[in-house]
Amino acid sequence: MQVIEVQRRRQMMTGTLDEQVERAVAILTEQGALAAGSAPEPPRVADRSGAGSVGPAIAVLVEPGREQSARELLGAAAELASGIGGWVAAIGPSLDGADDDLAPWGADEQIAVAGREGSPAPVEEDLAAAASRWAAEARPWAVLAPGTAWGREVASRMAASLGAGLTGDAVGLKADGAGRLIALKPAFGGWLVAEIGCSSPVQMATVRPGVLPLRRPNPDRPPARRSSLDAPSRSRLEVVGRYRDDDSGELANASVVIGVGQGVDPADYTELEKHRSAIGAALCATRKVTDHGWMPRARQVGITGRSISPRLYVAIGTSGKFNHTVGVRNAGTVVGVNPDPDAPLWDVVDIGLVGDWAEVFDALIPRLAEAQAG
Ligand SMILES: Cc1cc2nc3c(=O)[nH]c(=O)nc-3n(C[C@H](O)[C@H](O)[C@H](O)COP(=O)(O)OP(=O)(O)OC[C@H]3O[C@@H](n4cnc5c(N)ncnc54)[C@H](O)[C@@H]3O)c2cc1C
């Protein structure tokens, strides 16, 4: 077990609203929280391990339309592969395009899974059956999948078929001293991270999108080998349409995010939108907000939502309960606005402003926009 410790500065602003805002902007500027170039450069995707396609394989299930989570997983897989002398196979539909070289992101081989001719991507059941056949033969060291509805379904079907242990919703991955996969998973409400290993030969994990670092692509990696797998349809299921209730990539990539709790009246969302666009922020929400249907479920951040790591997180209308704030643990700087001087929020912010969000934003947002521009 590892204890999660997040050190926040917990600086409460005092004085009139203008004085609080003045001081907050000065601190944010001083700390570089407003400058686009201030984030440290992420690590580069590991070089190809010497093994090529010899040695243990790490398979990454690539979900169509989720480029960022595929890149996060491939980067982590390449890192693990370099530690165990293995190689990385990216498996998924639509991986056969000439422009889709995933090598810079960590793949050594791309295995395109094709459904019956003329049909769209194979459904999860068929894809899982094809990937399981591949895995039964290749005996990969590990299979990693995104912790999305798609990834959970494909991975759990594969785990059942292979008799493999599967850790769901991991927040980190590593290899232990014995060369086994360790998946890190929040425990006891998120204060601790449990290290979970599988006893099966094939080790599996789904990983939450947005929690692994997105490594920089490595252009020195040789192009990925190409191969394909047939996924004949069992014709038990026909997908007539798919939609997502939101663009989750926008939130994952945003460097500034405003977190909205139920203390913000949805009637004021138009006003909020004006502030959001002035500083180029993305919006996320607490579970109360998504439960009310005020924002799409894909915007929920927290223990049962997503995790994000923006450079600057501004929380408004939220009490700062642990189940929400655990999802912004990796944010650079956290600013909180709440009229309640005793809100739990103050324990998890770097800068706290006591007041009504609309009044604070009227003063704060133009100053942040100015500081961003300058
Ligand atoms: C198993 C489980 C899983 C959960 N998972 C999640 C999760 O993933 N994500 C999540 O968010 N929650 C999750 N929750 C719920 C979580 O515990 C909290 O109940 C929730 O985050 C609180 O939402 P809130 O801060 O919007 O609402 P509240 O706790 O009601 O807080 C509203 C706040 O708004 C403030 N406020 C009121 N008016 C204003 C104003 N004008 N300006 C500024 N502030 C104002 C109030 O002072 C108050 O502090 C989970 C709960 C359980 C039991």
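The values are calculated or read from the model by the stated rules, or taken from the named source; none is laboratory data. Since the model is a prediction, treat every value here as computed from it, not as a measurement. Counting neighbours? That spans all protein chains shown, and the Cβs are built from the backbone with ideal geometry, glycine included. Remember, those area values only see protein heavy atoms, side chains included, never the ligands or the DNA or RNA. Shrake-Rupley method; radii C 1.70, N 1.55, O 1.52, S 1.80 Å.
Couple of notes before you dig in:
- Pairs of alpha carbons in segment 109-152 whose separation is greater than 16 Å (percent): 44 percent
- Antiparallel bridges, percent of DSSP beta bridges restricted to segment 57-230 (to nearest 5): 25 percent
- In this structure, the amide hydrogen of Val60, modeled 1.01 Å from its nitrogen in the peptide plane, lies closer than 5 angstrom to those of Ala89, Ala90, Ile91, Leu144, counting only residues at least 5 positions away or on a different chain.
- Magnitude of the charge dipole, the chain, Cβ model with Lys/Arg +1 and Asp/Glu -1, debye to 20: 1080 debye
- Axis angle, to the nearest 10 degrees, between helix 124-138 and the longest C-alpha principal axis of the chain: 60 degrees.
- √(5λ) per eigenvalue of the Cα gyration tensor, segment 57-230, largest first, Å: 23, 18, 15
- Note that segment 194-208 has calculated 3J(HN,Hα) couplings of 8, 9, 10, x, 10, 8, 7, x, 8, 9, 10, 8, 9, 10, 4 Hz, one per residue in order, obtained from phi through the Karplus relation 6.51 cos²θ - 1.76 cosθ + 1.60 (θ = phi - 60°); glycine and proline are x.
- Along the chain, the exposed loop sites are GluC sites (Glu not before Pro) outside DSSP states H, G, I, E and B with at most 15 other Cβ atoms within 10 Å, and the longest stretch free of them is 239-374.
- Close Lys pairs in the chain, defined as Cα atoms under 28 Å apart and 8 or more places apart or on different chains, number 6.
- In summary, the chain shows an alpha-carbon radius of gyration equal to 1.07 times the 2.2 N^0.38 Å reference for compact globular proteins.
- Over the chain, relative contact order from alpha-carbon pairs under 8 Å, at least 6 apart, %: 19 percent
- Residues Asp176 and Gln11, FRET efficiency given R0 of 41 Å [Cβ-Cβ distance, rounded to 0.05]: 0.55
- At R0 = 45 Å, FRET efficiency that the Cβ-Cβ distance of Arg139 and Gln31 yields, to 0.05: 0.35
- Each residue of segment 280-296 was assigned a 3J(HN,Hα) from its phi angle through the Karplus expression (A = 6.51, B = -1.76, C = 1.60, θ = phi - 60°), giving x, 8, 9, 9, 10, 9, 7, 5, 4, 5, 6, 4, 6, x, 7, 9, x Hz with x at Gly and Pro.
- Phi angles across segment 253-259 convert, under the Karplus curve 6.51 cos²θ - 1.76 cosθ + 1.60 with θ = phi - 60°, into 3J(HN,Hα) values of 8, 5, 8, 10, 10, 9, x Hz, Gly and Pro given as x.
- The simple spin-label model puts a point 7 Å past each Cα toward its Cβ; for Ser200 and Ala278 those points are separated by 5.3 nm.
- Rounded to 5, percent antiparallel among DSSP beta bridges of the chain: 20 percent
- Note that the chain presents 45 Å² accessible area per residue, ligands and nucleic acids not counted, probe 1.4 Å.
- Mean projection area, nm², convex hull over Cα of segment 212-281: 10.3 nm²
- 0 to 90° range, to nearest 10: angle between helix 17-30 axis and the chain longest Cα axis: 40 degrees
- Where trypsin sites (Lys or Arg not before Pro) fall in DSSP loop in segment 208-292, at most 14 other Cβ within 10 Å: Arg234, Arg236, Arg242, Arg244
- Carbon plus sulfur fraction of accessible area for segment 220-374, probe 1.4 Å, in percent: 49 percent
- Segment 57-230 - charge dipole about Cα centre, Lys and Arg +1 at Cβ, Asp and Glu -1, debye rounded to 20: 480 debye
- Long-range HN-HN contacts of Leu173 with modeled amide H, under 5 Å: Leu184
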